[in-house]
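K.L.:
Sharing a structure with you now.
The values are calculated or read from the model by the stated rules, or taken from the named source; none is laboratory data. Predicted, not measured: the structure shown is a model, and the values here were computed from it. All Cβ positions, even for glycine, are placed from backbone atoms using ideal geometry, and neighbour counts span all protein chains on display. Surface accessibility is based on the protein's heavy atoms, side chains included, excluding ligands, DNA and RNA. Shrake-Rupley method; radii C 1.70, N 1.55, O 1.52, S 1.80 Å.
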Amino acid sequence: MSDKKIALVTGANKGIGYEIAAGLGALGWSVGVGAREQTRRDAAVARLRDAGLDVFGVSLDVTDDRSVAAAADLIAERAGRLDALVNNAGITGGGPQQPSSVDPAVIRTVVETNVIGVIRVTNAMLPLLGRSASPRIVNMSSSVGSLARQSGPGGETSTGPVAVAYAPSKSFLNAVTLQYVRELADTNILINCACPGYVATDLNGFRGVRTPQQGAATAIRLATLPDGGPTGGFFEDAGVVPW
Ligand SMILES: NC(=O)c1ccc[n+]([C@@H]2O[C@H](COP(=O)([O-])OP(=O)(O)OC[C@H]3O[C@@H](n4cnc5c(N)ncnc54)[C@H](OP(=O)(O)O)[C@@H]3O)[C@@H](O)[C@H]2O)c1
């Protein structure tokens, strides 16, 4: 087994995930670029390799059991272990998402990707994370899933628009993360949620105000935490996000 740290980033062909892969690669890690579509995956891998980074493509649709199992097999064969899993892939489900008129199918689709996808990938990768000396899991959440902020005085500037599929999917993801933290409390796996801030990507029609590189910073920090670092937290650049 290589001494090089190994990471897997889901949804790494573009946006924040791409920059998380680039950032970990720049730190000397070998990074699996998880992406569901071959052309987009190959293009991202080529760009990252052109930048001198040690990356490899991982065919990965987080909603597909067989795809996720094959991704775990690929990493097992290639590296024998996983040091950091960044569950970044996510969708909004499109808008508008008013509670009174939402199509329940939109909620199912968003939860399937943003929540069940994370569970599916995490469970497939746990045996590989168990072979790491310092395993880390980072779940890409959003402050729009913060119930404290949703119910606080900040309004749309701190919580985003009403979005009954997307925002609660991140609250659900936060709650699921804490269940993993509780189950795995006796292990050395550090598990945290990250919020990237409002980042200009496809996800929001590039209306965000931060760059994908800025959005990647917290996830990179959490993926590379030293032993003894925090677990069971929810972080953004400015510090802790209230649940
Ligand atoms: N942008 C923001 O302001 C913001 C704020 C808070 C949180 N976030 C979170 O940050 C994460 C990354 O978002 P982003 O802004 O970088 O969005 P993005 O540019 O739209 O990228 C999303 C990535 O997820 C992938 N993905 C979607 N469904 C997938 C599936 N079923 N299997 C595998 N990959 C899938 C996409 O792949 P394809 O190219 O194949 O679609 C893409 O690579 C998401 O979890 C998002 O909720 C973003």
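K.L.:
Those residues that are more than 6 Å from the ligand (Cβ to nearest atom), open to solvent by less than 40 Å² (accessible area, probe 1.4 Å) and in a strand (DSSP E or B), I need them from region 193-212; list them, please.
P.N.:
The answer is Cys193, Ala194.
The rows are residues; the columns are (1) under 13 Å from the mean Cα position of the chain (by Cα); (2) among the hydrophobic types (A, V, I, L, M, F, W, C).
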position: Gly11; (1), (2): yes, no
position: Leu48; (1), (2): no, yes
position: Thr63; (1), (2): no, no
position: Ala70; (1), (2): no, yes
position: Ile75; (1), (2): no, yes
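K.L.:
Mind listing whichever residues of region 213-237 are in contact with a Ser or Thr (Cβ under 7 Å, 6 or more places away or on another chain) and either farther than 24 Å from Ile91 by Cβ or open to solvent by 50 Å² or more (accessible area, probe 1.4 Å) (or both)?
P.N.:
Within region 213-237, Asp227, Asp237 meet the criteria.
K.L.:
Take the residues of region 95-110 that are more than 12 Å from the ligand (Cβ to nearest atom) and β-branched (Val, Ile, Thr): which is farthest from Lys14 (Cα to Cα)?
P.N.:
Taking the candidates together, the pick is Val102.
K.L.:
Go through region 37-68 and give me each residue that's under 25 Å from Thr224 (Cα atoms) and open to solvent by 40 Å² or more (accessible area, probe 1.4 Å).
P.N.:
Ala46, Arg47, Arg49, Asp50, Ala51, Gly52, Asp54, Ser59, Asp61
K.L.:
Which condition breaks for Val138 when tested against (1) farther than 20 Å from Trp29 by Cα; (2) crowded, with 24+ Cβ neighbours inside 10 Å; (3) in contact with a Cys (Cβ under 8 Å, 6 or more places away or on another chain)?
P.N.:
(1)
K.L.:
If you check Pro168 against the conditions, is it within 14 Å of the ligand (Cβ to nearest atom) and open to solvent by less than 20 Å² (accessible area, probe 1.4 Å)?
P.N.:
Considered against the rule, which asks whether it is within 14 Å of the ligand (Cβ to nearest atom) and open to solvent by less than 20 Å² (accessible area, probe 1.4 Å), Pro168 comes out as no.
K.L.:
Among the residues of region 73-94, is any in contact (Cβ under 8 Å) with a residue 12 or more places away in the chain, surrounded by fewer than 20 Cβ atoms within 10 Å (Cβ to Cβ), closer than 19 Å to Gly25 by Cβ and within 15 Å of the ligand (Cβ to nearest atom)?
P.N.:
Looking through region 73-94, at least one residue is in contact (Cβ under 8 Å) with a residue 12 or more places away in the chain, surrounded by fewer than 20 Cβ atoms within 10 Å (Cβ to Cβ), closer than 19 Å to Gly25 by Cβ and within 15 Å of the ligand (Cβ to nearest atom).
K.L.:
Tell me the residue from Leu178, Leu190 that is open to solvent by 40 Å² or more (accessible area, probe 1.4 Å) and away from the ligand (no atom under 12 Å from the Cβ), please. Please lay out each step first, then the result.
P.N.:
Numbers: Leu190 fails: open to solvent by 40 Å² or more (accessible area, probe 1.4 Å).
After ruling out the rest, the residue left standing is Leu178.
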